[in-house]
Each structure stands twice: as structure tokens, then as C-alpha cells.
Amino acid sequence: MKSPLLALPGAVAAEGPDEGVAAHYGDLFREQRALAAGRGFTDLSHRGVITVTGPDRLSWLHLLLTQHVSELPPQQATEALVLSPNGHVEHALYLVDDGETSWIHVEPGDAPALVTYLESMKFWNRVEVADATERYAVVFLPAGSTAPVERAAAVRELPWGRDLFLPRAELAAAVADFGPAAGIWAYEALRVEGHRPRLGFETDHRTIPHEVDWLGSAVHLQKGCYRGQETVARVHNLGRPPRRLVFLHLDGTAEKLPAHGTEVRVEGQERPVGFVTSAARHHELGPIALALVKRNTPVDAVLLADGVPGTQDVIVPA
């Protein structure tokens, strides 16, 4: 779904999974600095939006998701996952409930598949599930922003900012009061800096939540009764996820950033130990990346991503 905000001055369209919104508006580092200072906004209108209504919505979602949401207070933001029977991550949901409706946003293109799954699990529960992507769009405001949010149908308050669910028909008018636009590249650089995993980037078909540090934000370890719970409990109790997410400080002399999926090797060794999941140019840290590597990869080893050396910051302990 192509955003009307691509008509803003300087907008350069993103490609790949973020197609439909702007990669940048002409000055990547200026846009990052604005977000870091609490100014401006990022257009996330390519993301899918799902609404769940009905008196049973939270107790029903509680049975399906990895997060404890049966008693979720109104306006409290949370994250949750849908797992396969074997515990692999299938969907990542970013949710807030306003007391009448659960508002969810998901990765671009993921809403139809998630709606299909949720519809198949309704049974006797008094809930209604709707793909609201054509009616609502997501916009991000950084922490410290004083932009007005009255037009938003729902707001997810986060430590690093706010996700607004705006009527799509009012998108262009609403952001006129939000300050300078920052593209998805600036937003992604701050996400990588914050070690926040993203479905389809930090995950593949066999990812379990422990590997990418989702246990802390999207999984409630004291609840049961959801698909894949046995794997979550077993790996947590043993403390041995097969892979772990790391943050890489890349050599700043290299002109290229390693692409998603680029093999990662320990310096001096030939066999790969993992792959790059996300990479970005940060306005202060320079080139940075997230990578998923084998659990037993030495934490002090210099890693090579497409020949570019990088030192590790541990995210998931070995």
C-alpha cells in the first residue's frame, strides 16, 4: 500500500519489505538526530493493522498468544507472538487495548495470514477480528515528542516513543503537525541500536523466542495454554537456545553495509557461524548490525560480515 507521504519533499521510496514508505527524505543522519532528540515522525503506514472487538477479546487472545493479556489494562502497550506447535515464531504482534478494542499492528503483508489464523480459532468466543489496514495507518512519534495525538484512534506508549493508529484518510493532514519527516532507514538505525528484533529480519523459519531476546518483551513465562509453550519452557529451563542475537560494531572504514542474510564468520575461520539480520548506518555509532550466531560462538571473537570486521555486544547470553 503506497503511502501518500511519499509526496513529501525529498522522499525517496524504500524497497524490499518496507516498500510503500520513504527510506529517507534526503538526509539520513539529520533525520536520525531529529528522532533521537524527540522531534519529527516516521511513516509506518505500510504495516498491517488488525482490530479485535467483543467482550471475550482479551481472554481469547490470552489463550493464543505468548503474552499475558487477559487482564491487560486499557492503554498499556505490549508485544506478543504466535508460535508454531514446535515453538517457532510465526507472527509478532504489537498491541494495545483501549477498553473496547484491541489494536494490533504487524509486519507489512502479515495481516491477512494472521487474520486467517485468528478466525480459525474463534470457536464459541464472542470476538470479531478485522483486517483494518485499509482504514488505519501507523505513524511513529519519538519519545519526547509534543506533537498532538488527538486524531489517533489508539496510541501505544513505549519507552522510546509512541505508535499512533491514525485514520488512513487523514494521514497527510495529521502529520502536518508532527514536525520533520524521518524515513524508515533512520527508524531502523535506532531499532538496531536498541537491540529490538523484527519478524522476518531477526527471524527465519526456525527461530524460537529465546534466540532473539523476545523472552523479556513478548513472552510471559508464568502463563501456559498457548501453542508452542512446551518448547519455550524446555529451552528456558535448560538455558541453551541453539543461536543467539548479537549486536555488531562494524569497521567504519568499509564503504558497504552487509546485506540481510550475509554469512558471518569468526575471524581466521572458514565455516560460517551465523548471518546478518539487520544493518544500518548510525549517526553516532557508525555502521552497526544485528546478527544471529551459534550459541557457542566466543563472545570476544571478532566476527566478519561480508569481510567487514565487527566486535560483539552480547544481547542473548551464551
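The values are calculated or read from the model by the stated rules, or taken from the named source; none is laboratory data. Bear in mind the structure is a predicted one, so any value in this text is a computation, not a measurement. Quick reminder, even Gly has a Cβ in these numbers, built from the backbone with ideal geometry, and neighbours come from all protein chains shown. Only protein heavy atoms, including side chains, enter the accessible area calculation; ligands, DNA and RNA are left aside. Shrake-Rupley method; radii C 1.70, N 1.55, O 1.52, S 1.80 Å.
Provide the per-residue ³J(HN,Hα) series for the stretch 165-170, in order, calculated from phi with Karplus coefficients 6.51, -1.76, 1.60 and θ = phi - 60°, each as a whole number of Hz, with x at glycine and proline positions.
Per-residue couplings from phi come out as 9, 9, x, 4, 5, 9 Hz.
Averaging over all projection directions, find the projected area of the Cα convex hull of the stretch 29-124 and quote it in nm² with one decimal place. Can you show the working numbers first?
Values: hull surface 31.0 nm².
Computing the convex hull of the Cα atoms and averaging its projections yields 7.8 nm².
With a probe of 1.4 Å, find how much accessible area the chain has per residue, and write the answer as a whole number in Å². It would help to have the intermediate numbers written out before the result.
Numbers: 13910 Å² over 318 residues.
I get 44 Å² per residue for this part.
Net charge within 14 Å of Val235 by Cβ-Cβ distance, Lys/Arg positive one each and Asp/Glu negative one each, not counting Val235 itself? Walk me through the numbers on the way to the answer.
On the way: positive: Arg206, Arg234, Arg240, Arg243, Arg244, Arg295; negative: Glu211, Asp213, Glu230.
Result for the neighbourhood of Val235: +3.
List the lysines whose Cα lies under 21 Å from the Cα of Lys122, skipping any in the same chain that are fewer than 8 positions away.
Lys223
Once you order the gyration tensor axes a ≥ b ≥ c over the Cα atoms, which shape class does the stretch 122-280 get: rounded for a/c under 1.5, otherwise prolate or oblate by comparing a/b with b/c?
In terms of gyration-tensor shape, oblate.
Note the listed values [x] 84, 56, 40; [y] 59, 51, 29; [z] 68, 40, 37, then indicate which one is Cα extents along the principal axes in Å calculated from this particular structure.
Computing Cα extents along the principal axes in Å and matching it to [x] 84, 56, 40; [y] 59, 51, 29; [z] 68, 40, 37 gives [y].
Take the solvent-accessible surface of the protein heavy atoms, probe 1.4 Å, and return the percent of it on the stretch 91-190 that carbon and sulfur atoms account for.
Working: 2320 of 4200 Å².
Answer for the stretch 91-190 is 55 percent, counting heavy atoms of protein chains only.
Lysines near Lys256 by alpha-carbon distance under 25 Å, same-chain residues fewer than 8 away left out - which ones?
In chain and number order, the partners are Lys294.
Rank Pro159, Leu245, Val12 by how far each Cα sits towards the positive end of the charge dipole of the chain (+1 on Lys, Arg Cβ; -1 on Asp, Glu Cβ) and give me just the farthest.
Leu245
Within the set of other residues whose C-beta is less than 14 Å from the C-beta of Gly54, count the net charge using Lys and Arg as +1 and Asp and Glu as -1. Can you show the working numbers first?
Details: positive: Arg57, Lys122, Arg126; negative: Asp56, Asp97, Asp98, Glu100, Glu119, Glu128.
After counting each charged neighbour, the total is -3.
Using only DSSP helix segments of four residues or longer, with each worth -39500 (n - 2.57), what per-residue ellipticity at 222 nm results for the chain after dividing by its residue count and rounding to 500?
Values: 6 runs with 52 residues, N = 318.
Value at 222 nm, helices only: -4500 deg cm²/dmol.
What size of dipole, in debye to the nearest 20, comes out for the stretch 48-131 about its Cα centre when the only charges are +1 on Lys and Arg C-beta atoms and -1 on Asp and Glu C-beta atoms?
Working: 3 positive and 12 negative charges, 42 e Å.
That gives a dipole near 200 debye.
Which residues' amide hydrogens lie under 5 Å from the amide hydrogen of Val273, considering only partners 5 or more residues apart or on another chain, with H built in the peptide plane?
Under 5 Å from the amide H of Val273 lie the amide H atoms of Val264, Arg265, Val266, each far enough along the sequence or on another chain.
Below 12 angstrom from the Cβ of His105, what's the summed charge of the other residues (Lys, Arg +1; Asp, Glu -1)?
Details: positive: Arg47, Arg156; negative: Glu79, Glu107, Asp110, Asp131, Asp163.
With Lys, Arg at +1 and Asp, Glu at -1, the net is -3.
Each residue of the stretch 239-248 in order: what ³J(HN,Hα) in whole Hz does its phi give by Karplus 6.51 cos²θ - 1.76 cosθ + 1.60, θ = phi - 60°, with x for Gly and Pro?
Karplus-based 3J(HN,Hα) across the stretch 239-248 equals x, 9, x, x, 9, 9, 7, 10, 9, 10 Hz.
Suppose every Lys and Arg Cβ carries +1 and every Asp and Glu Cβ carries -1, with no other charges. What dipole size does the chain come out with about its Cα centre, to the nearest 20 debye?
Computed about the Cα centre, the dipole is about 540 debye.
May I ask you to give the percent of accessible area on the stretch 242-314 that is carbon plus sulfur, with a probe radius of 1.4 Å?
Working: 1650 of 3440 Å².
Result for the stretch 242-314: 48 percent of the exposed heavy-atom area is carbon or sulfur.
In whole Hz, with x marking every Gly and Pro, tabulate ³J(HN,Hα) for the stretch 147-155 from phi via Karplus 6.51 cos²θ - 1.76 cosθ + 1.60, θ = phi - 60°.
These are the phi-based 3J(HN,Hα) values: 5, x, 10, 5, 6, 6, 6, 7, 9 Hz.
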